[in-house]
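Engineer: Okay, handing you the structure first.
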Amino acid sequence: MSTGHSDTTTEGIRIKVAAQYIPLESDPANNQFIYAYHVIIINEGRESVRLLSRHWQIRDSENELREVVGPGVVGQQPLIGPGETYSYESCCPLPTEWGTMEGTYTMQREDGSTFEAKIGRFFLAPNVAPISQLH
């Protein structure tokens, strides 16, 4: 059975994500469903990388697409050394009970070149495995 989580590696950067429905902050009667998500970025490569920006594609159950683009994550542009891990939590409001998120982080290598680290699709749904099962 699928957990609804994501685990994707691009050029040595492994990104694991899980989301969880937050009923106490949601208002289903007004089509507002709030999801918290937890991201773990593991540098399995040989050089440090800096997370410069994010590009999320958020799709609700009616196939409406919303894109979020901006610098860094949660106000930071972390430098992640070889063997290091960076994690953070954020949230996403949806107008429907379930949806999906996926996207990319623009990562910068030590030589200044950049690449897009893929964030695989994960599910925003009340019945996905809890965030605590993300290892």
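The values are calculated or read from the model by the stated rules, or taken from the named source; none is laboratory data. Values in this document were obtained by computation on a predicted structure and should not be read as measured data. Methodologically, a virtual Cβ is constructed for each residue, glycine included, from the backbone with ideal geometry; neighbour enumeration extends over all protein chains shown.
Engineer: So Val69 clears everything in (1) closer than 22 Å to Ile131 by Cβ; (2) at pLDDT 95 or above; (3) of a type in the set (Val, Ile, Thr); (4) out of contact with any helix residue (DSSP H, G or I) (no Cβ under 9 Å at 6 or more places or on another chain) except one condition, right? Which one?
Structural biologist: (1)
Engineer: Right, another one. Which of the residues belonging to segment 1-31 are within 20 Å of the chain's Cα centre (by Cα), farther than 16 Å from Asn127 by Cα and surrounded by fewer than 20 Cβ atoms within 10 Å (Cβ to Cβ)?
Structural biologist: Answer for segment 1-31, where residues must be within 20 Å of the chain's Cα centre (by Cα), farther than 16 Å from Asn127 by Cα and surrounded by fewer than 20 Cβ atoms within 10 Å (Cβ to Cβ): Asp7, Thr8, Thr9, Thr10, Glu11, Gly12, Arg14, Glu25.
Engineer: Further, regarding this structure: Counting only residues that are polar (S, T, N, Q) and under 24 Å from Asp111 (Cα atoms), which one in segment 40-79 is surrounded by the fewest Cβ atoms within 10 Å (Cβ to Cβ)?
Structural biologist: Gln76
Engineer: So if I check each of Arg66, Arg59, which one is closer than 16 Å to Thr100 by Cα, of a type outside the set (A, V, I, L, M, F, W, C) and without any contact (Cβ under 8 Å) to a residue 24 or more places away in the chain?
Structural biologist: After ruling out the rest, the residue left standing is Arg66.
Engineer: Those residues that are of a type outside the set (A, V, I, L, M) and under 30 Å from Glu97 (Cα atoms), I need them from segment 24-50; list them, please.
Structural biologist: Quick first cut of segment 24-50, residues of a type outside the set (A, V, I, L, M) only: 25-28, 30-33, 35, 37-38, 43-48, 50.
The answer is Glu25, Ser26, Asp27, Pro28, Asn30, Asn31, Gln32, Phe33, Tyr35, Tyr37, His38.
Engineer: Among the residues of segment 39-66, write down those that are more than 26 Å from Gln133 (Cα to Cα) and part of a strand (DSSP E or B). Talk me through it step by step, then tell me what you get.
Structural biologist: Of segment 39-66, the ones more than 26 Å from Gln133 (Cα to Cα) are 46-50, 52-53, 62-66.
Scanning segment 39-66 gives Val49, Arg50, Leu52, Ser53, Leu65, Arg66.
Engineer: Also, I was wondering about something else. Mind listing just one residue for me: the one in segment 91-135 that is of a type in the set (Phe, Trp, Tyr) and part of a strand (DSSP E or B) and, of those, farthest from Leu79 (Cα to Cα)? Quick ask: steps written out before the conclusion?
Structural biologist: So the first thing to find is which residues in segment 91-135 are of a type in the set (Phe, Trp, Tyr), and the list is 98, 105, 115, 122-123.
Those still in the list that are part of a strand (DSSP E or B) too: 105, 115, 122-123.
On the way: Tyr105: 13, Phe115: 15, Phe122: 25, Phe123: 27 Å.
Checked segment 91-135; the qualifying residue farthest from Leu79 (Cα to Cα) is Phe123.
Engineer: Checking the structure you have, find out if any residue of segment 49-59 is farther than 12 Å from Cys92 by Cα and modelled with pLDDT under 95.
Structural biologist: Start the filter on segment 49-59 by keeping residues that are farther than 12 Å from Cys92 by Cα, which leaves 49-55.
Cutting the leftovers down to modelled with pLDDT under 95 gives us none.
No, segment 49-59 contains no residue that is farther than 12 Å from Cys92 by Cα and modelled with pLDDT under 95.
Engineer: Out of the residues in segment 101-135 that are of a type in the set (Val, Ile, Thr) and within 14 Å of the chain's Cα centre (by Cα), which is farthest from Ile13 (Cα to Cα)?
Structural biologist: This residue is Ile131.
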